[in-house]
1. Once phi is turned into ³J(HN,Hα) by the Karplus curve 6.51 cos²θ - 1.76 cosθ + 1.60 with θ = phi - 60°, what whole-Hz value does each residue of segment 105-115 show in order, with x for glycine and proline?
2. Pop out the ³J(HN,Hα) list for segment 69-74 in order, Karplus 6.51 cos²θ - 1.76 cosθ + 1.60 with θ = phi - 60°, rounded to Hz; leave Gly and Pro as x.
3. Out of every Cα-Cα pair in segment 83-195, what percent are more than 17 Å apart?
4. So, by mean Cβ neighbours within 10 angstrom, what's the order for 12-25, 141-154 with the highest one leading?
5. For HIS57, which sequence-distant residues (separation of 5 or more, or a different chain) have an amide H within less than 5 Å of its own amide H, given hydrogens modelled in the peptide plane?
6. Lys and Arg at +1, Asp and Glu at -1: add these up for the other residues within a Cβ distance under 14 Å of LEU17 and post the number.
7. Given labels modelled 7 Å from the Cα in the Cβ direction, how far is it in nm from GLU155 to ARG139?
8. Whole Å is fine, so just give me how far the alpha carbon centre of segment 56-93 lies from that of segment 123-173.
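The values are calculated or read from the model by the stated rules, or taken from the named source; none is laboratory data. Quantities reported herein were computed from a predicted structural model and do not represent experimental measurements. Positions of Cβ are generated from backbone atoms using ideal geometry, with glycine treated the same way; all protein chains shown enter the neighbour counts. Calculation scope for accessible area: heavy atoms of the full protein, side chains included, ligands and nucleic acids excluded. Shrake-Rupley method; radii C 1.70, N 1.55, O 1.52, S 1.80 Å.
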Amino acid sequence: KPSVGEAPLHDFPTGHLYRREYAAYLLAKALGWHFIPPTVIRDGPYGIGSMQLFIRHDIWEHYFTLRERYQEELLCLCLFDLLTNNADRKGGHCLLGIDGRIWGIDHGLTFNRDLKLRTVIWDFANQPIPVRLLEDVRRVSQRLVSGDQLFTEMEDLLVPQEIESLKTRFTYLLKDPKFPDPFFTGKRSWPYPLV
């Protein structure tokens, strides 16, 4: 995802989507949730941008075909979208790798300071967040607040207001550990197109 190839968006800083791809990878890795393919930032023939390992996958599978068989994996992905404020979780962004694993891709529209959550994964609305996942959230929340290496890396990738919003989402979820209702934003909560 080269910076120069990005279409300008009114609600995200221009030229920053590639940074969000990398920030999402770093955050998922810190949480111990390994569903984002390895992602790096590189400067190449088309300028600086993010590169992600291509996942060989079944092209006929997507969220709507996977949701019944992979509840646990999709629950984790749902929580990640909530934490990162993912504004674009389409069904086609959930892959079934030929390795049998569920992968989540396309995290360029994440980390906005304003509530932008738009996702197809609403199966868990109003359900409690499992304790095992909350422990991961608590651990990473402490790292973000303490200003360790994860915080420093995120600080290089996102604007200060987005980091504060990220911390706030972590804190809020730890105080009220349940998945929200799709109508809690008062805005459109589903991406278009759905797949």
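1. So the Karplus estimates, Gly and Pro as x, are 10, 6, 10, x, 9, 10, 6, 4, 6, 8, 5 Hz.
2. Whole-Hz 3J(HN,Hα) from phi for segment 69-74: 8, 10, 4, 4, 5, 6.
3. 61
4. 12-25, 141-154
5. For HIS57, whose amide H was placed from the backbone, the distant partners under 5 Å are ILE98.
6. -2
7. 2.3
8. If we compute the Cα centre of each part, the gap is 20 Å.
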